[in-house]
Amino acid sequence: MSLSAPLPAAQSPADRRTFVRTVLDLGDVLLHPWGRGTAEPRAVVDGLIAAASDPLIALWNPLATADRSAALAWLESRDEGWDRGAGASFAALTATGDALLGSVTLRWVDRADGLAMIGYWTLPDARGRGVATRATSAVTNWAFRTADARRIEIAHAVGNEASCRVAHRCGYLPEGTLRASHRFGDGAYHDEHLHARLAVDPEPTGPAEALTSVTPSNTADNPRIRDGA
């Protein structure tokens, strides 16, 4: 009589949904995992400190990185997210890796369900160059391809029109307005636009539609996580 080997235990969806440290090469821009490894060169940490004092970042994506000690603690927290496979936070660097352009962060909202959320910011010198759009698109596709993400959401303050343009260009469709859903850097609760992209959605192929034609009109209450903290 022969004995067959036991069948392997079924892998749970949460086990498959793990963010693994990866460098994404966009040519002139590198997306490098935030963490202790990005503490050098010093210019990158200096850029992170500068980001905390930028008025737009301080309003829409407040960063607890006002000095080197705080910035290093922030980097430690990014490492913890990577270590748990629950958060994927990327520094957008110049191709030489010595200048910070911005950041993109992806986090699970419901890991077992494949629901994630993405956020982004750029420093002033990188704005208007498509850095946020290219970086967000690259991280989105990476998450669908390698971490079994099912749905990724973007929530941004209604007044943050630049973030809205990035969402549309990356194929995140508008789904509604979240009323007074998040307290931003000015201490006030702001309405937010909710966008989402599904793994089964087609890749965006053309320029985004005019914002006036796609502004969400329905409303919902649904608190969300943000990049920055």
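The values are calculated or read from the model by the stated rules, or taken from the named source; none is laboratory data. A quick note: this is a predicted structure, and the numbers were derived from the prediction, not measured. Heads up, the Cβs are rebuilt from the backbone with ideal geometry, glycines too, and the neighbour counts pull from every protein chain shown. Note: accessible area is taken over every heavy atom of the protein model, side chains too, but ligands, DNA and RNA are not part of it. Shrake-Rupley method; radii C 1.70, N 1.55, O 1.52, S 1.80 Å.
In a reduced charge model with +1 at each Lys and Arg Cβ and -1 at each Asp and Glu Cβ, region 36-111 shows a dipole moment near 140 debye about its Cα centre.
All other residues whose Cβ lies under 10 angstrom from that of ARG68 are scored, Lys and Arg at +1 and Asp and Glu at -1, for a net of -1.
Give me the percent of the accessible area of region 10-165 that comes from carbon and sulfur atoms, probe 1.4 Å, all protein chains in place.
Numbers: 3460 of 6420 Å².
For region 10-165, the apolar C and S fraction of the accessible surface comes to 54 percent.
Legend: calculated FRET efficiency, TYR189 to VAL20, from the Cβ-Cβ distance at R0 = 35 Å, rounded to 0.05, equals 0.50. The figure for PHE19 is an accessible area of roughly 0 square angstrom, using a 1.4 Å probe on the protein chains alone.
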